[in-house]
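Reading through the structure tokens given below for one structure.
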């Protein structure tokens, strides 16, 4: 299989690209300086701009896995968010289709749901709280319109929940709370928004990679949740990290500066992903945190 992974040096993209490479596929990536170092793709890295790829020389891709995006939910520049996350993505898809690609899998987001009461279901409602979520909602709408235009093309969007795991260290403040809390707890007590009972549907990156592979094999376009289906509080994550890191940290609570545009709870209904994609996440949060620590990517090993 010939595959293109945009955002191939990013968090999910690097894990996906390495999995495909390890399985013997011919993989090309787009890459960004300062993200993950992937020497395996030195001769198949196409630069950062996924909207202007050299398709005439690149040739036909069997599958495009589109992972690249502006993911910083604090950015309020709606025009820029839509330019990259929506317009450029649609151009990539049209270019890929024009050059023979028949399967596209792309990263959407549970930020599309916003302040909707969980569990989140793909049919909505959708009430995004920021330009990032709005740009992903628009991408979902426009890709499904594109899929109707090209009935023989399969386009699958995966609404990622809160992904965590190895190779997210370059993301800084946009890394998962699992990673951020671990970094704080190495030094001292972690800081949480009052009262630490905000909940997230954490999904291990290995499961997200598997969801992408499942999506690449399905026939028929659609949008599917990509989470664990279970919601875990920040306080509970601190407790799990204490166990893994052999620490006894106690949370310090602060005011939430993002009140009004902050998702207090995320939790996915995974029924459709299970029934259509055959995707069931395998890694519960406690097991995932342990695997993350054992990988050496969560905290430096002594």
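The values are calculated or read from the model by the stated rules, or taken from the named source; none is laboratory data. Predicted model only: the values in this text are computed from it and were never measured. Every residue, glycine as well, gets a Cβ built from its backbone with ideal geometry; the counts of neighbours run over all protein chains shown.
For this structure, a couple of remarks:
- Per-region count, segment 28-49, residues in contact with a helix residue (DSSP H, G or I) (Cβ under 6 Å, 6 or more places away or on another chain) and either more than 28 Å from residue 202 (Cα to Cα) or without any contact (Cβ under 8 Å) to a residue 12 or more places away in the chain (or both): 1
- All positions within segment 266-302 that are under 21 Å from residue 221 (Cα atoms) and modelled with pLDDT under 95: none
- Residue that is nearest to residue 84 (Cα to Cα), among those in segment 40-58 that are in a helix (DSSP H, G or I) and in contact with a strand residue (DSSP E or B) (Cβ under 8 Å, 6 or more places away or on another chain): 50
- Selection status of residue 72, without any contact (Cβ under 8 Å) to a residue 12 or more places away in the chain and under 23 Å from residue 174 (Cα atoms): no
- Here residue 191 clears all of (1) surrounded by 17 or more Cβ atoms within 10 Å (Cβ to Cβ); (2) in contact (Cβ under 8 Å) with a residue 60 or more places away in the chain; (3) more than 21 Å from residue 297 (Cβ to Cβ) except the condition numbered (1).
- Every pair of residues 6+ apart whose Cβ atoms lie under 8 Å, when the first sits in segment 158-179 and is in contact (Cβ under 8 Å) with a residue 24 or more places away in the chain and at positive phi while the second is in a loop (DSSP other than H, G, I, E, B) and surrounded by fewer than 21 Cβ atoms within 10 Å (Cβ to Cβ): 165/297; 167/36; 167/297
One line per residue, one yes/no per condition, for (1) surrounded by fewer than 21 Cβ atoms within 10 Å (Cβ to Cβ); (2) closer than 16 Å to residue 163 by Cβ; (3) in contact with a strand residue (DSSP E or B) (Cβ under 8 Å, 6 or more places away or on another chain); (4) at pLDDT 95 or above:
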| position | (1), (2), (3), (4) |
| --- | --- |
| 208 | no, yes, yes, yes |
| 220 | yes, no, yes, yes |
| 225 | no, yes, yes, yes |
| 235 | yes, no, yes, yes |
| 245 | yes, no, no, yes |
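Here is a yes/no grid of residues against (1) out of contact with any strand residue (DSSP E or B) (no Cβ under 9 Å at 6 or more places or on another chain); (2) part of a strand (DSSP E or B); (3) at pLDDT below 95; (4) surrounded by 13 or more Cβ atoms within 10 Å (Cβ to Cβ):
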| residue | (1), (2), (3), (4) |
| --- | --- |
| 14 | no, no, no, yes |
| 20 | no, no, no, yes |
| 24 | yes, no, no, no |
| 27 | no, yes, no, yes |
| 31 | no, no, no, yes |
| 60 | no, no, no, no |
| 65 | no, yes, no, yes |
| 68 | no, no, no, yes |
| 71 | no, no, yes, yes |
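- Residue match in segment 255-271 (condition: buried (at least 20 other Cβ atoms within 10 Å of the Cβ), in contact (Cβ under 8 Å) with a residue 40 or more places away in the chain and over 21 Å from residue 120 (Cα atoms)): no
- Yes/no for residue 105 being over 18 Å from residue 163 (Cβ atoms) and either touching a helix residue (DSSP H, G or I) at 6+ places or on another chain (Cβ under 7 Å) or surrounded by 14 or more Cβ atoms within 10 Å (Cβ to Cβ) (or both): no
- When 94, 83 are screened for being on the phi < 0 side of the Ramachandran plot, surrounded by fewer than 19 Cβ atoms within 10 Å (Cβ to Cβ) and free of Cβ contacts under 8 Å to residues at least 12 places away in the same chain, only 83 passes.
- All positions within segment 144-174 that are part of a loop (DSSP other than H, G, I, E, B), touching a helix residue (DSSP H, G or I) at 6+ places or on another chain (Cβ under 7 Å) and surrounded by fewer than 18 Cβ atoms within 10 Å (Cβ to Cβ): 150, 153
- Flag for residue 213 being within 16 Å of residue 297 (Cα to Cα) and either buried (at least 17 other Cβ atoms within 10 Å of the Cβ) or without any contact (Cβ under 8 Å) to a residue 12 or more places away in the chain (or both): no
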